[in-house]
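Below: one structure, written as structure tokens.
The values are calculated or read from the model by the stated rules, or taken from the named source; none is laboratory data. It should be emphasised that the depicted structure is a prediction, and the values quoted were computed from it without experimental measurement. As a convention, Cβ positions derive from the backbone with ideal geometry for all residues, glycine included, and neighbour counts pool all protein chains shown. For the accessible areas, the whole protein counts, side chains as well, though only heavy atoms, and no ligand, DNA or RNA atoms are used. Shrake-Rupley method; radii C 1.70, N 1.55, O 1.52, S 1.80 Å.
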Protein chains: 2
Amino acid sequence: MLDIAILGLLEEGELHGYEIRRRLRAQLGILANVSFGSLYPALNRLKNAGAIEATEVRSSPPRERPPAPLTGSISGERAVFKARRRSLPKERRSRKVYRITDEGRRLFTELMQGGDSEDSRTFGLRLAFARHLTPSARLGLLERRRARLVERLNDARSAARDDSLDTYARSVMEHNADEVEHDISWLDQLIANERLVPATATPTRHDDG
Amino acid sequence: MLDIAILGLLEEGELHGYEIRRRLRAQLGILANVSFGSLYPALNRLKNAGAIEATEVRSSPPRERPPAPLTGSISGERAVFKARRRSLPKERRSRKVYRITDEGRRLFTELMQGGDSEDSRTFGLRLAFARHLTPSARLGLLERRRARLVERLNDARSAARDDSLDTYARSVMEHNADEVEHDISWLDQLIANERLVPATATPTRHDDG
DNA sequence: GAGTAAGTATATCGCTTCGATATAACGGCC
DNA sequence: GGCCGTTATATCGAAGCGATATACTTACTC
């Protein structure tokens, strides 16, 4: 699950760990509210699998710090320090910048297609990166998800009919079923849209600087 | 999370592992689609914590049916009997029947109240067992959840406004926000209902067997 | 200008949960 | 009699989470 998210982000450019997490939270919200305790192991896992490469970047702005504070020119150092504080908010401490490999791109495609999107998070993630899929793969993703939700709706409705449930449990079950229904009609819209504009769809390729 | 579900079920009568799982799936659906790989460790955990007790039951005489205090309906019993003659003789191999203790009841109350219901599953589980809470605790649960969802709605809306998102990602984000909004108005109804009927609320105490 | 709070960045630990799998006993079926 | 499906308990490895540790920088306050 995390693998899809990481590879999907790295498809668009190299990033370091902290930034990956920041973007996942900002762009995908609850879908990928990921903690470091899962992110860093996931990055190592992907690195060991050859899906990504890491480069250690030392905090090296073009200007070097004076090697030794030998003399009493404290004011000189202070000036440098001050100037630095103003002008370079960019380079911080050592980071590991991750870059996707060919194997990673292959794996990404595989993960995007394969398996069924059991939970809504995995599906949401896949759909969020759906521009990387071919139109037919995209349609397949939507339709498989829809089929699964129809199954679930049946279960949810029959669970809600259970006589042994009290007010609260029943309310939860009914709300649950309503949400699944809502999800299905959302998917129906997406599917209809896919079918209407098969050729016009998403010229989202952009040249990266 | 599982602890709440297990203790909540055992509040209403003693059950064995397999049956606990069956009921969780049937009655709570997606909320507690639990696997044995989490159920049995959870049962052992609770046992070690003194929250539940286990009794090994050897293949008892086929006459007795200990497990089901669910319905009092005659037709239901006849149906069970008939089904039994055909396919399921009900008493099979050795089982471990679990029973909640006083400590377990204390823990259950604590888990039901404590912490914030971060994910919707934990909240749904708590609400499904809300009849065990006092009216004020119930109201608190609903209001804390509502507050959290309002926060989340802000995040979701601002994430959906992000210009860098393509059609698919934006659709996911917007759908997400819509669902949160829907959740909030559902909660508003529940809260209004709680406030309207504070005395009439849920005399759900039932005499068992 | 010193102290400190907050932000950036990587990493690990223990715990929970999941999916897969093993094992075992029994009934139904051909 | 052999095999499959159901009931039942249990364990394993992998994945993910929350908490925590460490280290460096930047920003805010007195």
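Against the conditions (1) open to solvent by less than 60 Å² (accessible area, probe 1.4 Å); (2) farther than 26 Å from A:A156 by Cβ; (3) at pLDDT 60 or above; (4) not in a helix (DSSP H, G or I), B:V34 satisfies every one except (2).
Within the range A:1-26, restricting attention to residues that are without any contact (Cβ under 8 Å) to a residue 12 or more places away in the chain and either over 9 Å from the mean Cα position of the chain (by Cα) or open to solvent by less than 60 Å² (accessible area, probe 1.4 Å) (or both), the residue that is nearest to the other protein chains (Cβ to nearest Cβ) is A:A26. The residue that is nearest to A:L31 (Cα to Cα), among those in the range B:104-121 that are surrounded by fewer than 15 Cβ atoms within 10 Å (Cβ to Cβ) and within 12 Å of another protein chain (Cβ to nearest Cβ), is B:D119.
Please go through the range A:45-58 and pick out each residue that is assigned to a helix (DSSP H, G or I) and open to solvent by 70 Å² or more (accessible area, probe 1.4 Å). Outline the logic, then answer.
Taking the range A:45-58 first, the residues assigned to a helix (DSSP H, G or I) are A:45-48.
If the condition is that a residue be assigned to a helix (DSSP H, G or I) and open to solvent by 70 Å² or more (accessible area, probe 1.4 Å), then A:R45, A:K47, A:N48 are the ones that fit.
Would a scan of the range B:164-177 turn up a residue that is among the polar types (S, T, N, Q) and farther than 22 Å from A:L187 by Cβ? Taking every residue of the range B:164-177 in turn, at least one turns out to be among the polar types (S, T, N, Q) and farther than 22 Å from A:L187 by Cβ.
Could you say whether any residue in the range A:117-128 is at pLDDT below 90 and in contact with a His (Cβ under 9 Å, 6 or more places away or on another chain)? There is no residue in the range A:117-128 that is at pLDDT below 90 and in contact with a His (Cβ under 9 Å, 6 or more places away or on another chain). Just one residue in the set B:T101, B:T204 is of a type in the set (S, T, N, Q) and modelled with pLDDT of 90 or more; that residue is B:T101. Within the range A:136-192, being touching a Leu at 6+ places or on another chain (Cβ under 8 Å) and more than 9 Å from chain B (Cβ to nearest Cβ) holds for A:L141, A:L142, A:R145, A:R146, A:L149, A:E181, A:I184, A:L187, A:I191. For the range A:6-31, the candidate set comprises residues that are under 22 Å from B:N154 (Cβ atoms) and small (G, A, S); within that set, the residue that is nearest to DNA strand D (Cβ to nearest atom) is A:G29. Test B:G124 against the criterion of being open to solvent by less than 60 Å² (accessible area, probe 1.4 Å) and touching a helix residue (DSSP H, G or I) at 6+ places or on another chain (Cβ under 6 Å), and give yes or no. The answer is yes for B:G124.
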